[in-house]
Amino acid sequence: MYAHLEDAIQIINAEELRDQLGHGISRDLRNIVESVSMEEFNYFPNTSSLRTIADSARNIILDLAIYNKATFSEDQFQKFVSNVETFIIAQHQFQKSSESGDDSEQGGDFEDTEKEFESMEENWDF
């Protein structure tokens, strides 16, 4: 599965694709994902929060993997605490952005459809 991810990243990083789908000055992977997501799904993902969540979670897991009470220094512990705080803040920002704005449009469509089904008369005679 990781090989498929690497293949997808290679495709997205192709210069022709970056020129066509990227936006702004830095036409990087995140910009392309945002552009494609907006065009195809009418949803603009908060890639900055997602990146922060992924980076801090990785650092937390690595710190837990090497933890040894005897050799874990105070500086390492403070970095660990900082990573946990960063993770929590980014997770909150991501959830907040998902609840308001972008997802509300998608949720609204579902709610309208649900109301329409509730108000329909049920006629099961074929």
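The values are calculated or read from the model by the stated rules, or taken from the named source; none is laboratory data. From a predicted model like this one, the values you see are computed outputs, not experimental measurements. So basically every Cβ, Gly included, is an ideal-geometry build from the backbone, and we count neighbours across all protein chains shown.
Just one of the listed residues (ASN31, ASN13) is touching a His at 6+ places or on another chain (Cβ under 7 Å) and surrounded by 10 or more Cβ atoms within 10 Å (Cβ to Cβ), and it is ASN31.
Results for (1) at pLDDT 80 or above; (2) under 29 Å from PHE41 (Cα atoms), shown as yes or no for each residue.
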position: PHE77; (1), (2): yes, no
position: SER98; (1), (2): no, yes
position: ASP103; (1), (2): no, yes
position: GLU114; (1), (2): no, yes
position: SER119; (1), (2): no, yes
position: ASN123; (1), (2): no, no
